[in-house]
Amino acid sequence: MHSEGFPPPEFSRPVPVDQLPSKVSRRSIEAEPGERAALAERLGLVELTALSAKIELEPLARSGFIRVNGRLTARVVQSCVVTLAPLAAVVEEEFELTFAPPEAVLDESDEIEVSWGQQDPPDPIVDGCIDIGEVVVEHLALALDPFPRAPGAAFQPPPEEPESPDGRVNPFAVLSSLRQK
């Protein structure tokens, strides 16, 4: 269920949509140690000590659309962007998205009326499956702190050295030195 030329997802949990009941179905998934190590590398983490999620898949009428609701919980260790010290954090994130068959094209002639409003348009169902593991990883990546900082860590820029005796930098002095060469 992966594109040619790309490695398979590290935490793949494909769910065949033709095997889903007509009502809501629930799944609980958890990453194994090897999967967590590969995901830590992919996400730039020091360590991913736990990753689990509870997922609900709900077919929407006979449209072929499937709503996926989930809640992920992860324990991560990131590097402080200032001190590089390891920082442990717990990430909890709820998400909701919709999947549709790739051939589903919405126009006025469709029987169901769908307004996406503030939501993203549906993701395509690939090869008849929804990979709920990859969905969880994508939402974990979005939930991570992009600039984790240790408490009290502050960036100190290096002091600038003045180039002239009065402390002002003359941009033309650089040009004239180049011209003399």
Task: Karplus (6.51, -1.76, 1.60) ³J(HN,Hα), θ = phi - 60°, over the range 92-99, in Hz, Gly and Pro reported as x - done: 10, 9, 9, 8, 8, 8, 10, 10
- [ ] For LEU144, enumerate residues with amide H under 5 Å from its amide H, sequence gap 5+ or separate chain, H modeled in the peptide plane.
- [x] none
Task: Per-residue ³J(HN,Hα) for the range 148-153, Karplus 6.51 cos²θ - 1.76 cosθ + 1.60, θ = phi - 60°, Hz, x for Gly and Pro - done: x, 10, 5, x, x, 6
TODO: Please identify every one of the chymotrypsin sites (Phe, Trp or Tyr not before Pro) in the range 52-102 that sits in a loop by DSSP and has no more than 15 other beta carbons within 10 Å of its own beta carbon.
DONE: none
- [ ] Starting from the amide H of THR49, placed 1.01 Å from N in the peptide plane, find each other amide H under 5 Å away whose residue is 5 or more places distant or on another chain.
- [x] ARG75, VAL76, VAL77
Open item on the list: If you filter the range 28-82 for trypsin sites (Lys or Arg not before Pro), then keep DSSP loop positions with at most 15 other Cβ within 10 Å, what is left?
Closed with: ARG62
Task: Interchain or long-range residues, amide H under 5 Å from ARG13's placed H - done: ILE132, GLY133, GLU134
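Values quoted throughout were computed directly from the atomic coordinates according to the rules given, and no laboratory measurement underlies them. Computed from a prediction, not measured in an experiment: that's the story for all the values here. Backbone-built Cβ (ideal geometry, glycine too); neighbour counts: all protein chains shown.
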